[in-house]
Amino acid sequence: MMKKILGAVTLAAAALTSGHAFAHGAPVANHGGIVQAVGETWLELVVKGDQVELYLQDDGDDMPSAEVTGKVTLVTEAGRKEFALKPAGGNKLEAKAPGVAKVGKVLALLTMADKKTRVSTTFDIK
């Protein structure tokens, strides 16, 4: 009897933990960029020449960019250069960032629509 109870408890614990671990899914690059997950916020960085596009998702669902503000910082051997991100419709922010294709790192700092939550991450450009 004790083995059955222990087995049931173990099975229930495994189901609860595994369900929790996979509840949010994995970030996916829907636009061919680099994805970083910051909590439940997913950021996808796409570099097109001197243009930076940053797509926002909340646990896989598009997050409107209209009220989001932020910047990207290019980290180079010569120093850092900052560029303001502007809403570009839907879940996209963009910035003109000359030299972005040649840097090693891009830092992104966003202030979300509630004006309180800040999200930041680093993208390694290869």
Stretchable slack from Lys102 to Thr122, in nm (0.36 nm times residue separation minus alpha-carbon distance):
5.7 nm
Round to the nearest 0.05 the FRET efficiency obtained for Asp62 and Thr111 when R0 = 22 Å and r is the Cβ-Cβ distance.
0.75
Heavy-atom accessible surface of the range 27-126: percent carbon and sulfur, 1.4 Å:
49 percent
Over the heavy atoms of Lys96, what accessible area does a 1.4 Å probe trace out, to the nearest 10 Å²?
140 Å²
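Please work out the Cα convex hull volume for the range 33-84 and give it in Å³ per residue. Mind dumping the intermediate values first?
Working: hull volume 5.2 nm³, N = 52.
Per-residue hull volume (Cα only) is 101 Å³.
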Using a cut-off of 13 Å between alpha-carbon atoms, which aspartates and glutamates can reach Lys105, once sequence neighbours fewer than 8 places away in the same chain are excluded?
Glu77, Glu82, Asp124
Give me the aspartates and glutamates in straight-line cross-link reach of Lys86: C-alpha distance below 16 Å, same-chain residues under 8 apart excluded.
Glu44, Asp50, Glu53, Glu67, Glu94
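The values are calculated or read from the model by the stated rules, or taken from the named source; none is laboratory data. On a predicted model such as this, the values are computed, not experimentally measured, just so you know. No Cβ is skipped: glycine too gets one built from the backbone with ideal geometry, and neighbour counts run over all protein chains shown. With ligands, DNA and RNA removed, areas are computed over all heavy atoms of the protein, side chains included. Shrake-Rupley method; radii C 1.70, N 1.55, O 1.52, S 1.80 Å.
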